[in-house]
1. Would you be able to tell me the number of residues in segment A:272-300 that are within 17 Å of the chain's Cα centre (by Cα) and open to solvent by less than 20 Å² (accessible area, probe 1.4 Å)?
2. Every residue in segment A:231-241 that is surrounded by fewer than 18 Cβ atoms within 10 Å (Cβ to Cβ) and either more than 14 Å from chain B (Cβ to nearest Cβ) or hydrophobic (A, V, I, L, M, F, W, C) (or both), please.
3. Given segment B:30-121, what strands (runs of 3 or more DSSP E) lie entirely inside it while holding 1 or more residues that are free of Cβ contacts under 8 Å to residues at least 60 places away in the same chain and within 21 Å of A:W105 (Cα to Cα)?
4. Looking only at residues that are surrounded by fewer than 18 Cβ atoms within 10 Å (Cβ to Cβ) and assigned to a loop (DSSP other than H, G, I, E, B) in segment B:16-29, which one is nearest to the other protein chains (Cβ to nearest Cβ)?
5. Just give me the residues in segment A:26-58 being charged (D, E, K, R) and outside any helix (DSSP H, G or I), in sequence order.
6. Out of the residues in segment A:301-310 that are aliphatic (A, V, I, L, M) and open to solvent by less than 10 Å² (accessible area, probe 1.4 Å), which is farthest from A:Q244 (Cα to Cα)?
7. Considering only segment B:153-175, how many residues are within 15 Å of B:C101 (Cβ to Cβ), assigned to a helix (DSSP H, G or I) and open to solvent by less than 30 Å² (accessible area, probe 1.4 Å)?
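The values are calculated or read from the model by the stated rules, or taken from the named source; none is laboratory data. Values in this document were obtained by computation on a predicted structure and should not be read as measured data. Don't worry about glycine lacking a Cβ; one is built from the backbone with ideal geometry, like all the others, and counts go over all protein chains shown. Keep in mind that these areas ignore ligands, DNA and RNA; they rest on the heavy atoms of the full protein, side chains included. Shrake-Rupley method; radii C 1.70, N 1.55, O 1.52, S 1.80 Å.
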Amino acid sequence: MREEILITTRANPKIDPNVAAWGWQVIADLFLVGLTAGALIFTAMVILGRKEENFGFTAKRLPLIGLISIGLAMTFLFLKLTHKIVFWRFFGAFVPTAVMSWGAWLLQLVILAILLLTLQGLRGGYPALARPVDKFRLGTWALDWAERYRRPVAWASVVLGVIIAFYTGTLMTSMDARPFASSGLMAPLFLTSGLATAAAVVLIGARAPEERLLFSRVLFGMVVFKVLLLALTLANLANGSQVQIESVQMVFGGEYTRLFWLFFVIPGLLVPLAIEAFGLRGKRASWMMISPVLVLYGAYMLRQLVVDIGQVSGYLSYVNTYNPALLDLLR
Amino acid sequence: MIRYAMVIDTKLCIGCGDCVVACKTENKVPAGLNRDWVVEATTGTYPNLKTEFRSERCNHCAKPTCLYACPTAATYRWEDTNIVLVDPNKCTGCGACIAACPYDARLIMNEGYVSKCTFCHHRVEQGLDPACVSSCPTRCMHFGVLDDPNSTVSKLLASREHKALLDETGNEPQVYFLT
């Protein structure tokens with residue numbers, strides 16, 4: 001068999017033997033931004049459909065969860081930076097070719113939108129939180145303003161939700177040097193996953209039967225879409241360039257096979273899909289609460305696998321002969 | 001854009017690692033980190049194998065994906081050339097450039113910012129070759145302006161068979177290996 005073996009002593013931390021520059025912080029950030037995107041879209045659609053009374057949790061309580069999520073996401077992103085002292089440089093320039101630069105600016109708009117959606121629902125959804133805000137003239141004005149302009153904000157939120165969910169996937173796609181992550185289907189896959197995540201949160205939090213019924217259907221639909229998009233993504237990679245074909249082999253017999261199928265596809269997609277399919281036929285039993293929890297787990301695992309396999313897959317594969325113990329001899 | 005290129009003769013390179021030591025000394029690269037490195041590439045079907053040594057580094061691509069991916073413009077081109085540099089005062093350590101580089105040629109300094117080979121632009125500015133080129137004991141490394149047809153690098157590429165690494169990425173790498 002014709003082979004090429006590349007041996008080097010290069011051993012740069014987080015680069016060798018595989019790139020590991022993006023860790024749990026980026027994965028958590030992608031997951032939480034996806035959840036926020038889903039919250040923006042669902043809340044906005046309920047407002048635009050004038051269904052706030054029937055879907056109280058989605059209209060009035062979900063935005064705060066989205067706001068907390070985006071706050072945590074930003075915190076994790078900050079924690080990821082290895083040179084934190086100049087973090088403000090993200091806002092010192094706009095680089096049109098850099099997807100992350102688009103994200104930095106878009107996230108500011110997303111934070112504003114989810115904040116306004118939170119404020120419009122605060123009096124109805126969280127009266128205990130609204131009372132201290134209402135004690136201040138500025139607070140009252142802000143709550144009134146957000147309630148009055150909730151429909152224009154909702155229109156903007158639908159657009160921003162779709163864009164920011166697409167951004168999380170596009171960020172992966174744009175990294176051409178990471179073949180597994182570089183599929184054009186990542187953006188719709190991450191959007192669908194974000195919607196499924198938000199639907200799962202609604203199912204966990206909502207108590208109104210009508211709201212629970214609708215979102216169990218939405219969740220079922222989103223997981224079906226997710227399975228289809230995932231299958232298409234794998235097919236897309238399997239028909240791609242040589243490095244993409246090699247990268248997808250990591251989940252078909254390679255080192256990530258067990259993790260991908262046993263710890264992601266089955267528990268994070270197929271089991272909730274079966275539960276939700278069962279739930280569509282009749283009353284939603286309490287044990288079925290496991291389904292949205294598994295969807296949340298699956299959404300996190302999706303991002304974990306895309307980021308991890310993306311980084312492991314690459315154009316180069318060096319056999320490293322660097323022995324750090326030799327450095328001790330120099331001391 | 002002025003294109004600087006490095007041409008390395010794999011028939012002469014013996015993999016001694018002097019280029020690596022010279023780079024570390026010239027640029028004060030901390031222990032355990034490397035801006036350049038030597039690769040021993042063995043290809044073929046046993047027992048018909050062929051080994052070549054390659055002194056590798058950032059390829060200072062004409063179309064650098066790392067530069068395009070940097071969200072803070074910390075990665076930039078030096079004075080309208082293809083020499084790609086990183087400004088530590090702008091680099092947040094987000095890792096976008098690391099993910100975007102198909103050569104994995106970047107490294108994270110202990111201070112947190114990303115660094116890489118600079119083609120020793122501070123020496124190039126003074127009309128000198130990069131430290132790795134100057135120190136090579138077999139004179140297998142050459143450096144110069146590719147756009148000048150009379151430069152050593154242009155003449156070598158015109159007269160010898162050569163390759164660049166991962167040409168298929170479309171990055172247009174500017175480190176060439178004579179084969």
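1. Quick first cut of segment A:272-300, residues within 17 Å of the chain's Cα centre (by Cα) only: A:292-300.
Narrowing the set further to residues that are open to solvent by less than 20 Å² (accessible area, probe 1.4 Å) leaves A:292, A:295, A:298-299.
Result for segment A:272-300: 4.
2. A:A231, A:L232, A:L234, A:A235, A:N236, A:A238, A:N239
3. Answer list for segment B:30-121: B:75-77.
4. Only one residue fits best here, namely B:G17.
5. A:R50, A:K51, A:E52, A:E53
6. Going through the qualifying residues, I end up with A:L302.
7. Going through segment B:153-175 one residue at a time, the tally reaches 0.
Quick grid of which residues meet (1) at pLDDT 95 or above; (2) open to solvent by 10 Å² or more (accessible area, probe 1.4 Å); (3) among the aromatic types (F, W, Y); (4) within 16 Å of B:E172 (Cα to Cα):
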| site | (1), (2), (3), (4) |
| --- | --- |
| B:W78 | yes, yes, yes, no |
| B:T81 | yes, no, no, yes |
| B:V84 | yes, no, no, yes |
| B:I108 | yes, yes, no, no |
| B:G112 | yes, no, no, no |
